[in-house]
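All remarks here apply to the structure that follows.
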Amino acid sequence: KKILFLFTLFIVNLGFSQMEKQLLQSYLESNASRFDLKSTDISNWKIQSTGTSADETVQYYYLIQQYNDVDIFRALFTASVKNNAVIYGANRFVSNVKDKVNSSTPNLSAVVALQKAYAFLNIVPSQSLEVVQTIDKNHLVISNGLGLEENVTATLVYQPIENILKLAWDFTIYTPKYNHLWSVR
């Protein structure tokens, strides 16, 4: 009975998830010109997080734009949904993404890029840096080289710089004295 209940809950949740994505995609498509977006700009995104209003009548969706399944750093679209209709949309998606992307493969390995980030932050590792876990092709965990418990997370992203989307590694780094937590690209 428990397995059947969990399976039913999973299927219902999956159904709602698909309906949400279809609703949000339809809204993006119908409003693309208003937001100065092309169909290619709104064809690859994911729901980064969700929230609910205090009275539970409005759902909030925070979408992150992607290109070839790589997140575009801080390219967000916020949508408010009530009664299965989008009642508000705030756009921070990048327009003409396809024309702005500089590369599809990183120039530096995640470890070499982390070494450069450490040099920029004046952090000197006492141990070698190495990939300790590959979550997927865009998400790695790297030893911190500092003897700290927390490893460094590395995420491949497109970083908007002027009118170009540069492929970069985004690192989450704890400093040796735990007085700072850095997000560095």
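With respect to residue 157, determine if the residue is modelled with pLDDT of 95 or more and assigned to a helix (DSSP H, G or I).
Working: modelled with pLDDT of 95 or more: yes; assigned to a helix (DSSP H, G or I): no.
Criteria not met by residue 157.
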**Item:** Pairs, first over 19 Å from residue 26 (Cβ atoms) in region 39-53, second of a type in the set (S, T, N, Q) and modelled with pLDDT of 95 or more, C-beta under 6 Å, six or more apart
**Value:** 52/59
**Prompt:** So is residue 166 of a type in the set (D, E, K, R), touching a residue at least 40 places away in the same chain (Cβ under 8 Å), surrounded by fewer than 19 Cβ atoms within 10 Å (Cβ to Cβ) and part of a strand (DSSP E or B) or not?
**Reply:** yes
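Taking region 114-127 as the search range and keeping residues that are open to solvent by 80 Å² or more (accessible area, probe 1.4 Å) and outside any helix (DSSP H, G or I), which one is nearest to residue 158 (Cα to Cα)? If you could, list the steps in order and put the result at the bottom.
Looking only at region 114-127, we keep the residues that are open to solvent by 80 Å² or more (accessible area, probe 1.4 Å), and these are 115-116, 120, 122, 124, 126-127.
Narrowing further to those that are outside any helix (DSSP H, G or I): 122, 124, 126-127.
On the way: 122: 25, 124: 27, 126: 30, 127: 29 Å.
Only one residue fits best here, namely 122.
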**Item:** Sole residue being open to solvent by less than 20 Å² (accessible area, probe 1.4 Å) and either of a type outside the set (Lys, Arg) or modelled with pLDDT under 95 (or both), chosen from 101, 86, 111, 97
**Value:** 97
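Yes/no per residue for (1) open to solvent by 20 Å² or more (accessible area, probe 1.4 Å); (2) basic (Lys, Arg); (3) more than 16 Å from residue 101 (Cβ to Cβ); (4) out of contact with any Asp or Glu (no Cβ under 8 Å at 6 or more places or on another chain):
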position: 34; (1), (2), (3), (4): yes, yes, yes, yes
position: 40; (1), (2), (3), (4): yes, no, no, yes
position: 44; (1), (2), (3), (4): yes, no, no, no
position: 49; (1), (2), (3), (4): yes, no, yes, yes
position: 54; (1), (2), (3), (4): yes, no, yes, yes
position: 57; (1), (2), (3), (4): yes, no, yes, yes
position: 61; (1), (2), (3), (4): no, no, yes, no
position: 69; (1), (2), (3), (4): yes, no, no, yes
position: 77; (1), (2), (3), (4): no, no, yes, yes
**Message:** Looking at region 148-163 only, could you name the residues that are farther than 15 Å from residue 131 by Cβ and surrounded by 14 or more Cβ atoms within 10 Å (Cβ to Cβ)?
**Reply:** 148, 157, 158, 159, 160
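Look at region 110-141 and say how many of its residues are farther than 14 Å from residue 184 by Cα and in contact with a strand residue (DSSP E or B) (Cβ under 8 Å, 6 or more places away or on another chain). It would help to see each step written out before you state the result.
Step one: filter region 110-141 for residues farther than 14 Å from residue 184 by Cα, giving 124-141.
From what's left, in contact with a strand residue (DSSP E or B) (Cβ under 8 Å, 6 or more places away or on another chain): 129-135, 137-141.
Of the residues in that region, 12 qualify.
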**Request:** Collect the residues in region 116-152 that are over 25 Å from the mean Cα position of the chain (by Cα) and small (Gly, Ala, Ser), keeping them in residue-number order.
**Result:** 119, 126, 128, 145, 147
**Request:** Evaluate region 133-147: report whether one residue or more is assigned to a loop (DSSP other than H, G, I, E, B), of a type outside the set (Val, Ile, Thr), surrounded by fewer than 11 Cβ atoms within 10 Å (Cβ to Cβ) and in contact (Cβ under 8 Å) with a residue 12 or more places away in the chain.
**Result:** yes
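The values are calculated or read from the model by the stated rules, or taken from the named source; none is laboratory data. Every value quoted in this text rests on a predicted model; they were computed, and no experiment measured them. Cβ sites come from the backbone with ideal geometry, for glycine too, and all protein chains shown count toward neighbours. Just the protein is used for accessible areas: all its heavy atoms, side chains included, with ligands, DNA and RNA removed. Shrake-Rupley method; radii C 1.70, N 1.55, O 1.52, S 1.80 Å.
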